[in-house]
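Participant: Before I ask anything, here is the structure I am working with.
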Amino acid sequence: MHGDFLDELLGALDRVGPLDHERLKAVLILGGWPEQTQSLRYLADNHQRIHEEAGLVFSAVAVINNSRVVQWRLEGWRRWLNRLVVYPIETKRPPGDRLLHRLRRDAAITGLMAASRKSYTLFGMLRIEPAQPMAATCEIRPVIALPGLNVGELAQVKKFEAENRLFT
């Protein structure tokens, strides 16, 4: 994978906060990219504390192959079956899996990914820990890094991220 593409992909994360790009590059290079026939590749467990006082922690979860998003997304009978079988047990799954399932069910965002001229999307999570650990729940937001989005498309992504928060 070209260094320029990695920089572009990681640049799409700049809106999250000051991340250690070199560390994320290492995670991406070591984790690898989805093969042509794979829809996504999970990355090794990784966490970056962005802001100590605010309790912001970013984790890169998976690299999604944009050329396979149409086959990967859940629509029609597959969406119905997934909703029937997976949705009732979704709360017992890890947050990354729950958020990825929500992404698969979202036609607008997967449509942006499929239409992208970029090969890959980086999917991550932003964990917002409460200032007083025992006082409140933790918020987990999905983060979608898709380079080359225009203002309207980025607004769609931000809307998805805001609407699909988890509280633990």
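Participant: Residue check: is Arg41 under 17 Å from the mean Cα position of the chain (by Cα), modelled with pLDDT of 90 or more and surrounded by fewer than 17 Cβ atoms within 10 Å (Cβ to Cβ)? Break it down into steps so the answer makes sense when it comes.
Facilitator: Numbers: under 17 Å from the mean Cα position of the chain (by Cα): yes; modelled with pLDDT of 90 or more: yes; surrounded by fewer than 17 Cβ atoms within 10 Å (Cβ to Cβ): yes.
When the stated conditions are applied, Arg41 passes them.
Participant: So, of the residues in the range 88-106 that are assigned to a helix (DSSP H, G or I) and loosely packed, with under 13 Cβ neighbours inside 10 Å, which turns out to be modelled with the lowest pLDDT?
Facilitator: Within the range 88-106, the subset assigned to a helix (DSSP H, G or I) is 88-92, 95-104.
After this cut, where a residue has to be loosely packed, with under 13 Cβ neighbours inside 10 Å as well, the list is 88-89, 91-92.
On the way: Pro88: 58, Ile89: 61, Thr91: 63, Lys92: 69.
Among residues in the range 88-106 that are assigned to a helix (DSSP H, G or I) and loosely packed, with under 13 Cβ neighbours inside 10 Å, the one modelled with the lowest pLDDT is Pro88.
Participant: Sticking with this structure for a sec: Might you check whether a residue that is part of a helix (DSSP H, G or I), farther than 18 Å from His47 by Cα, of a type in the set (D, E, K, R) and modelled with pLDDT under 90 occurs anywhere in the range 150-157?
Facilitator: no
Participant: Of these, Gly32, Gly11, which one is under 15 Å from Val61 (Cβ atoms) and exposed (fewer than 15 other Cβ atoms within 10 Å of the Cβ)? Spell out how you get there, then give the answer.
Facilitator: Values: Gly11 fails: under 15 Å from Val61 (Cβ atoms).
From the options Gly32, Gly11, the qualifying one is Gly32.
Participant: Right, next: Looking at (1) basic (Lys, Arg); (2) assigned to a loop (DSSP other than H, G, I, E, B); (3) more than 17 Å from the chain's Cα centre (by Cα), which is the one condition that is false for Arg23?
Facilitator: With (1) basic (Lys, Arg); (2) assigned to a loop (DSSP other than H, G, I, E, B); (3) more than 17 Å from the chain's Cα centre (by Cα) applied to Arg23, the lone miss is (2).
The values are calculated or read from the model by the stated rules, or taken from the named source; none is laboratory data. In this text the structure is predicted, and so the values were computed from the model without any measurement. Note: ideal-geometry Cβ built from the backbone for every residue, glycine included; neighbour counts use all protein chains shown.
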